[in-house]
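Everything below concerns the one structure shown next.
The values are calculated or read from the model by the stated rules, or taken from the named source; none is laboratory data. Bear in mind that the values here come from a model prediction, so they are computed numbers and not experimental data. Using ideal geometry, Cβ is built from the backbone for each residue, glycine included, and neighbour counts are taken over all protein chains shown.
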Amino acid sequence: MKATITLLPGDGIGPDVLAEGVKVLHAVAAKYGHQFTLNEALIGGVAIDRTGNPLPPATLAAIEQCDAVLLGAVGDPKYDDPALPVRPEQGLLALRKSMGVYANLRPVKVLPALVGSSAIKTEVLAGTDLVFVRELTGGVYFGQPKGRGRREDGERWAVDTLSYTESEVRRVSHVAFKLARSRRKKVTSVDKANVLESSRLWREVVVEVAKEYPDVELEHVLVDACSMALIRRPSSFDVLVTENMFGDILTDEASMLAGSMGMLPSASLGDGRRGLYEPIHGSAPKYAGQDRVNPIGTILSVALLLRHSLGLEAEATAIERAVEAALADGYRTADIAPAGAAPIGTRAMGDRIVERLLD
């Protein structure tokens, strides 16, 4: 197969972890006879530094010509001042919107080798294998009106609008139910329907969509109850579908089930095959260039890229098995290493995974 992949290293540790994802892509190409053309482009703080724009036109042009996008991380503390008119995160939100990737898949699977790396009891974690389907291009992050101001009496105010349309809820719900059909046939819809009008619409539409999937069980859970249940009974969940902000928060919580945020990949998908793939962690600038962060979330994002955008299921599964094999052999980066153990670095973990992939 021939495919073109746009690489967006971004900020902080983004270039560090993306380099390991590229290493895996080269190994897959060599082993299976594929030809991947990799083109690098700018996003985030580094893009602002060089062009003044967190998502330059040249980056958008490169994405229009590719089959998939692999992203490192976005965020730079020198742009943290909320009063600044341009920030790195604006580039990420604009990227998602421009690509039309409205469904963000975030799988959380507790690997046997890492059960001890989580703060949760082993007996609670056993059997946990779930996927969040997070709506990605609507909700409070995109709703209008949005802004800040000052009243006549000098009091400052700010507003963000949580808004959803029926079609936005319907399309992401179909993604969740179709995914559940290939898994354990259960969908948990997460909302705040006891308080929010947007959540009441969400629940109504999810119920309507569920009628088209009579073989899939549907349950509704309020977001606050879900945050507790993820810690109390994580193995009871299969596919969870939720709106943008709730999904953002809950998946960070769920990453602790797997042992570290550095373990979790994501796939952002739309109606076509071109998707956006990235680890769920941030840019962690204080660790940039130190060869100490976990690249597994990025490497597993490469597996999702091969599966969903390129249709290479065998290659995707081979990467996932190589990750599990490296962990089973005892290799750990600092975030998942037990107390007293000597961790390996970012590059060494990538090397160990590639070795098992090529075995």
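Give the range 182-229 a look and list any residue that's over 25 Å from I120 (Cβ atoms) and touching a helix residue (DSSP H, G or I) at 6+ places or on another chain (Cβ under 6 Å), or say none.
A193, W202, V205, V206, V209, Y213, V216, L218
Enumerate the pairs (first residue in the range 315-336 and at pLDDT 95 or above; second residue anywhere and assigned to a helix (DSSP H, G or I) and surrounded by fewer than 18 Cβ atoms within 10 Å (Cβ to Cβ)) with beta-carbon separation below 6 Å, excluding pairs fewer than 6 apart on the same chain, so at least 6 apart or on different chains.
Listed by first residue and then by second, the contacts come to E315/Y32.
Quick one: in the range 118-143, of everything that is touching a Ser or Thr at 6+ places or on another chain (Cβ under 6 Å) and surrounded by fewer than 17 Cβ atoms within 10 Å (Cβ to Cβ), which residue is farthest from L196 (Cα to Cα)?
Checked the range 118-143; the qualifying residue farthest from L196 (Cα to Cα) is G127.
List every residue pair whose Cβ atoms sit under 8 Å apart, with the two residues 6 or more apart in sequence or on different chains, where the first one lies in the range 95-108 and is modelled with pLDDT under 95 and surrounded by fewer than 21 Cβ atoms within 10 Å (Cβ to Cβ) and the second, anywhere, is in a strand (DSSP E or B) and among the polar types (S, T, N, Q).
From residues that are modelled with pLDDT under 95 and surrounded by fewer than 21 Cβ atoms within 10 Å (Cβ to Cβ), the pairs are R96/S268.
Considering only residues that are surrounded by 14 or more Cβ atoms within 10 Å (Cβ to Cβ) and either of a type in the set (S, T, N, Q) or closer than 30 Å to L93 by Cα (or both), which ones fall in the range 29-38?
The answer is F36, L38.
Given the conditions (1) in a helix (DSSP H, G or I); (2) in contact (Cβ under 8 Å) with a residue 40 or more places away in the chain, and given that R352 satisfies all but one, which numbered condition is not satisfied?
Failed condition: (2).
Would you mind telling me which numbered condition in (1) within 20 Å of S268 (Cβ to Cβ); (2) outside the structural domain of D248 (by TED's automatic domain parsing); (3) hydrophobic (A, V, I, L, M, F, W, C) A113 fails?
Result: A113 fails condition (1) only.
State whether one or more residues within the range 288-305 are of a type in the set (D, E, K, R) and assigned to a loop (DSSP other than H, G, I, E, B).
yes
Looking at this structure, is T317 part of a helix (DSSP H, G or I) and within 12 Å of the chain's Cα centre (by Cα)?
Answer is no for this residue.
Let me spell it out: the conditions are (1) surrounded by 21 or more Cβ atoms within 10 Å (Cβ to Cβ); (2) touching a helix residue (DSSP H, G or I) at 6+ places or on another chain (Cβ under 9 Å), and L92 meets all of them except one. Which number is the exception?
Among (1) surrounded by 21 or more Cβ atoms within 10 Å (Cβ to Cβ); (2) touching a helix residue (DSSP H, G or I) at 6+ places or on another chain (Cβ under 9 Å), the lone unmet condition for L92 is (2).
Checking the conditions here, which among L201, L250, L218 is over 17 Å from the mean Cα position of the chain (by Cα) and part of a helix (DSSP H, G or I)?
L201 is the lone residue from the list that is over 17 Å from the mean Cα position of the chain (by Cα) and part of a helix (DSSP H, G or I).
State all residues of the range 17-53 that are among the charged types (D, E, K, R), out of contact with any Gly (no Cβ under 9 Å at 6 or more places or on another chain) and not in a strand (DSSP E or B); if no residue qualifies, say none.
Those that are among the charged types (D, E, K, R), out of contact with any Gly (no Cβ under 9 Å at 6 or more places or on another chain) and not in a strand (DSSP E or B): K31, D49, R50.
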